[in-house]
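The values are calculated or read from the model by the stated rules, or taken from the named source; none is laboratory data. Here the structure is a predicted model, which is why all the values come from computation and not from measurement. Every residue, glycine among them, receives a Cβ derived from its backbone with ideal geometry; neighbour counts consider all protein chains shown.
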Amino acid sequence: MSFFENKKLRIISLGGVEVNRNMDVYETEKDIIIVDCGIGFPSDDMPGIDVIIPDITYLKDKLNKIRGIFLTHGHQDHWGSLPYILPQLPNIPVYGTKLTLGLSKIKTDDANLKVDFREVDYKTVVRVGDFSVEFDHVNHSVPDSANLIIRTPAGTVYHGSDFKFDWTPVDGFRTEVQKIAKVGAEGVLLLLSDCLRVEKAGYTPSEMKVEETFDQEIQKCSGKFIVTVTSSSISRIQQAVNVALRYDRKIVFAGRSIEQNAEASIRLGFLKLPLNAIIRAEDINRYPKNKIMILATGAFGQDNSALDRMANGEHRTIKIEEGDFVTFSQDAIPGVENAVDDLINSLIKIGAEVFYSEILDDLHVSGHESRDGLKMMLAFVSPKYVMPIGGDLRMIKQYQKMAKTMGYEDEQIIIPHEGQILELENGKAKIVGKAEVKNIFVDGLGIGDVGNVVLRDRRTMSADGVVMVIVPMEKATGKIIGEVDIVSRGFVYMKESDELIGQAKKVVRDALAQHEGPMSDFRFFRRHITEHLEKFLFQATHRRPLILPVIVEV
Ligand SMILES: [Zn+2]
């Protein structure tokens, strides 16, 4: 007898329980859909690691059940793993709204992946296998964000990814509360709800506030006005742009990711500005400095980001001088506080006037709803069960308390655990097991804004393809154990090259054997494997694919 008889639904989080790296599997007997495919960001103690990606081991023997990946919105912690995951899940369509797909496509194009993107609007219901999925527009710090109404044979689930209720959003398109209330009236079995800001009482203010703050500050600025944000914060970028236009300043996008995202958002109609307001960083000296606004990457203090290079006097064309204002329009996320502190200090040292949340209010408004707004969502949806997502354990705990104040009993509030398999059947929820979920670290694709090395990498990829080397590392000892695996895209047809791949695996094994002790230095590890494999592959094929070592903790 199959475990799915009697119309069961399973929900499994493959991303781990944390703010980032979102990826949830919805599974019935015949079908699977995946919601989001995000990256996680490493903490300070992982030098040389770019990102952490979800572990899809659970899906490996279920590939023919997967009907699609549904993306909720344009933040990388919700889609940034596509370039790593899609090569392992070929031919699976990716559904999302216009801007979400536009932003994702930048990175999948960079990785030379052909993706079956399927754009969805807010009126369409997507039916795939046992599931029907409706996109519910919500406000967040990136436009065109959605929660998902997922109807399944076991009942309806409201997947509340990152959201807030903003009655005066920058683009005028409010959270579709009427849809939420309607599905609530129909009856919802389970609500998955954002809980990131549950610790804050009240409602999150409207994004509009930030524009007023920019407007007040820019009037005091006699030099360049520099705003740093994450490159996907399109709503925030729009507000900075509005203020620049108001004071007749030209706009410079500094940093590859912000340039690319701005370009896509302008093309798709989500960022509105006259094209002649934009100038290139090279042309900055042709304008008086009080006629310049710079939108720069580096809000989290990332090494080698545009702002980091300016602070260290290493930026090719932009010099920070006395009188320049630098505004951090972003709160630091856990793990990057030290890097941000260092960056602020460096900027002050070279004469910039620096503004950040601790000294100036309303520089940043969260894209996440606070406690009373989260209560409102729970009240609208009125589910039988609720599971807080998108937060750390302490936020999950606070959400649990909040739900209890609204009359929810302990057994109605599901506490997520890494890999936990939640089963819904006959209107009841229970935990039935645990999928194995490991941390997978990736070093090398250069997420974010980095310099020439990555550009060279990208050119290499588009010409000669990519070879991913997957190396298992024992968590406790940091030692390499077990079989090395190699996956390639755009380099050789794997099926016809068993021999080549076999030899390549041996080259990697031999290279690793030369190194004793733990592999704690990921940069060294990467260089070491890359050097050996590059030499071998070039001799064998006269091609130089991009080599991407991936470490899997076991
Ligand atoms: Zn988000």
How many residues of segment 75-110 are under 13 Å from the mean Cα position of the chain (by Cα), within 18 Å of residue 134 (Cα to Cα) and among the polar types (S, T, N, Q)? The answer is 1
Of the residues in segment 73-94 that are in contact with a strand residue (DSSP E or B) (Cβ under 8 Å, 6 or more places away or on another chain) and under 19 Å from residue 269 (Cα atoms), the one that is nearest to the ligand (Cβ to nearest atom) is 73
(1) more than 16 Å from the ligand (Cβ to nearest atom); (2) outside any helix (DSSP H, G or I) all hold for residue 136 apart from (1)
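Which of the following residues is at pLDDT 95 or above, basic (Lys, Arg), out of contact with any Gly (no Cβ under 6 Å at 6 or more places or on another chain) and surrounded by 18 or more Cβ atoms within 10 Å (Cβ to Cβ): 249, 286, 256? Full working, then the answer.
Details: 286 fails: surrounded by 18 or more Cβ atoms within 10 Å (Cβ to Cβ); 256 fails: at pLDDT 95 or above.
After applying the criteria, what remains is 249.
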Do we find a residue being within 16 Å of the ligand (Cβ to nearest atom), among the hydrophobic types (A, V, I, L, M, F, W, C) and under 30 Å from residue 178 (Cα atoms) anywhere in segment 322-336?
no
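Quick test for you: out of 240, 244, pick the one residue that is small (Gly, Ala, Ser), more than 30 Å from residue 408 (Cα to Cα), out of contact with any Lys or Arg (no Cβ under 8 Å at 6 or more places or on another chain) and not in a loop (DSSP other than H, G, I, E, B). Step through it out loud before you land on a result.
Numbers: 244 fails: out of contact with any Lys or Arg (no Cβ under 8 Å at 6 or more places or on another chain).
The unique qualifying residue is 240.
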When (1) farther than 19 Å from residue 36 by Cβ; (2) more than 16 Å from the ligand (Cβ to nearest atom) are applied to residue 129, the one that fails is (1)
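Considering only segment 388-402, I want to know if a residue exists there that is in a strand (DSSP E or B) and either modelled with pLDDT of 85 or more or under 27 Å from the mean Cα position of the chain (by Cα) (or both).
yes
Considering only residues of segment 187-218 that are among the aliphatic types (A, V, I, L, M) and farther than 30 Å from residue 414 by Cα, which is surrounded by the most Cβ atoms within 10 Å (Cβ to Cβ)? Give the derivation first.
So in segment 187-218, the residues among the aliphatic types (A, V, I, L, M) come out as 188-192, 196, 198, 201, 208, 210, 218.
Now narrow it down to the ones that are farther than 30 Å from residue 414 by Cα: 208, 210, 218.
Values: 208: 16, 210: 25, 218: 20.
That would be 210.
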Inset, instruction - Answer yes or no as to whether residue 141 is at pLDDT below 95, among the small types (Gly, Ala, Ser) and buried (at least 23 other Cβ atoms within 10 Å of the Cβ). - result: yes
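Can you name the residue in segment 430-446 that is among the hydrophobic types (A, V, I, L, M, F, W, C) and surrounded by 19 or more Cβ atoms within 10 Å (Cβ to Cβ) and, of all such residues, is modelled with the highest pLDDT?
Filtering segment 430-446 down to residues among the hydrophobic types (A, V, I, L, M, F, W, C) leaves 431-432, 435, 437, 440-442, 445.
Still in the list and also surrounded by 19 or more Cβ atoms within 10 Å (Cβ to Cβ): 437, 440-442, 445.
Working: 437: 84, 440: 77, 441: 73, 442: 71, 445: 46.
Top of the filtered list is 437.
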Taking segment 103-126 and keeping residues outside any helix (DSSP H, G or I) and of a type in the set (S, T, N, Q) leaves 112, 124
- among the charged types (D, E, K, R), assigned to a loop (DSSP other than H, G, I, E, B) and at pLDDT 95 or above, is that true of residue 217? no
Looking across segment 345-361 at residues that are surrounded by 15 or more Cβ atoms within 10 Å (Cβ to Cβ) and under 18 Å from residue 319 (Cβ atoms), the single one that is farthest from the chain's Cα centre (by Cα) is 350
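In the set 231, 235, 265, which member is out of contact with any Pro (no Cβ under 9 Å at 6 or more places or on another chain) and polar (S, T, N, Q)?
On the way: 235 fails: out of contact with any Pro (no Cβ under 9 Å at 6 or more places or on another chain); 265 fails: out of contact with any Pro (no Cβ under 9 Å at 6 or more places or on another chain).
Only one candidate passes the filter, namely 231.
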Residues of segment 342-386 being out of contact with any strand residue (DSSP E or B) (no Cβ under 8 Å at 6 or more places or on another chain), closer than 19 Å to residue 139 by Cβ and more than 16 Å from the ligand (Cβ to nearest atom), in sequence order, are 362, 372, 375, 376, 379, 380
The lone condition residue 389 fails out of (1) among the hydrophobic types (A, V, I, L, M, F, W, C); (2) under 19 Å from residue 167 (Cβ atoms); (3) within 16 Å of the ligand (Cβ to nearest atom) is (2)
